[in-house]
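Worksheet: one structure, shown below.
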Amino acid sequence: MTTLPITPTCIPSLAGKTALLTGGSSEITLSTALLLAEKGCSKVVILDPEHNDALLTPKPTPDPGIPSCMTFLKVDVRNWKELKPAVEEIGDIDYAFYVPGPERILFEVGGEGDDQEGEDGVGMDWAREVRTVGNFVRVCWRVMARSGGGRHGDDSGKGGSIVICVPGGSGGYMACHVLPPVGMPGEGVMDGCAGAAILGMIRSLRTIAIQDGVAFNGVAVGPTFPSTSTAMPPLTPLPPLTPGIQLDKLPVKTADEIALALVFSATATQKRKVEVYGKEKGSDLSPTKKEDAKWNGRVIFTAGTSPMTYTEVEEGLADLRGWWLGKENVRIVRMQQAVGDFRPFEVDHKWEI
């Protein structure tokens, strides 16, 4: 696993870029939007179903702390009929961030929603959350691919980057940890299910979306403190903790620290791929190119307080696959991948085991 020394200086100038974010009332969303604006994004569009009505209303005097490049659109991302036209009307999108927002109503154990299906009552169960993320990825990929390199086996086109906040406390890598009283067993289960499913989505798409010039990454997000920006909405009181627990000693992140990981994931480059797939050879892990490729198919695990620890997990996990899955199993699966690998190659690669 690779520890990443991420600081604001790692983020390049984003002048002329357009970014799209969900979860407008989320502190993480607003911290990310402010960082994008600070780095020069010309257009930052935030989707929010209802909680930013005050910000949606045009005002003679702009709100302090809200850059002029930031725009709020009232869109329920769970609704495909609202999401699709809203995203397509934005035009070219360079960076897209999925951050859970106020529309994410978690499964309530013992509540009146227990006997309901989840469409109108409970709201966002784990399956619905994964479906919402999939729809967001689907429409953003489509928009980005229009300006990308197309399916020519390279990532030289403009394309874009999609970054997902992976739920589950530790992003599905470990059992979910949640704070009471909202941290009920059912919530942890739902978050853990969603996190594991979204990790699978990232792993499945990292060899496919990049053919359209679209990179696909994640950030595993756990308990997070709000930031102190003047642009943030009033803070919600924190829930009571288990007796004897000192809040200032808990390894909890701030929204600004998570925002830094999200923007880094969208703008960073890599010298090697996470893994080879199908007909690719072992030497294709580190293609010989003059410029580094887009950061792709990776997940940054966030932990600790100050200093924040950022760890890229997927590369190390892939390198050790022969150990935890078994070399013979890896060999068999690579053969199966090669049979179904119809991606175009400049050279007719033969799979290597």
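The values are calculated or read from the model by the stated rules, or taken from the named source; none is laboratory data. The structure presented is a predicted model; accordingly, all values stated were derived computationally and were not measured. We place every Cβ from the backbone using ideal geometry, glycine too, and count neighbours over all the protein chains shown.
I'd like the full set of residues that are assigned to a loop (DSSP other than H, G, I, E, B), modelled with pLDDT of 80 or more and not hydroxyl-bearing (Ser, Thr, Tyr), limited to the range 280-296.
Residues of the range 280-296 assigned to a loop (DSSP other than H, G, I, E, B): 280-281, 286-292, 295-296.
Then keep just the ones that are modelled with pLDDT of 80 or more; that gives 280-281, 286, 295-296.
Within the range 280-296, Glu280, Lys281, Trp295, Asn296 qualify.
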Original post:
Considering the range 28-55 alone, what residues qualify as being within 26 Å of Pro167 (Cα to Cα), among the acidic types (Asp, Glu) and modelled with pLDDT of 85 or more?
Top reply: Asp48
**OP:** State whether the residues of the range 108-126 include one that is at pLDDT 50 or above, under 19 Å from Ala255 (Cα atoms) and not in a loop (DSSP other than H, G, I, E, B).
**Re:** no
Subject >> Scope the range 198-211; condition touching a helix residue (DSSP H, G or I) at 6+ places or on another chain (Cβ under 8 Å) and surrounded by fewer than 22 Cβ atoms within 10 Å (Cβ to Cβ); matching residues >> reply: Met201, Arg203, Leu205
Original post:
In the range 8-44, which residues are of a type outside the set (A, V, I, L, M), within 19 Å of Val219 (Cα to Cα) and crowded, with 22+ Cβ neighbours inside 10 Å?
Top reply: Thr22, Gly23, Gly24, Ser26, Glu27, Thr29, Ser31, Thr32
Subject >> Odd one out for Ser229, checked against (1) at pLDDT below 70; (2) over 28 Å from Ile66 (Cα atoms) >> reply: (2)
Subject >> Every residue from the range 164-188 that is modelled with pLDDT under 70 and out of contact with any helix residue (DSSP H, G or I) (no Cβ under 8 Å at 6 or more places or on another chain) >> reply: Leu179, Pro180, Pro181, Val182, Gly183, Met184, Pro185, Gly186, Glu187, Gly188
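Residue by residue, here is whether (1) at pLDDT 90 or above; (2) touching a helix residue (DSSP H, G or I) at 6+ places or on another chain (Cβ under 7 Å); (3) within 25 Å of Ser161 (Cα to Cα); (4) β-branched (Val, Ile, Thr) holds:
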| site | (1), (2), (3), (4) |
| --- | --- |
| Thr224 | no, yes, yes, yes |
| Pro234 | no, no, no, no |
| Val263 | yes, yes, yes, yes |
| Arg298 | yes, yes, yes, no |
| Ala303 | no, no, yes, no |
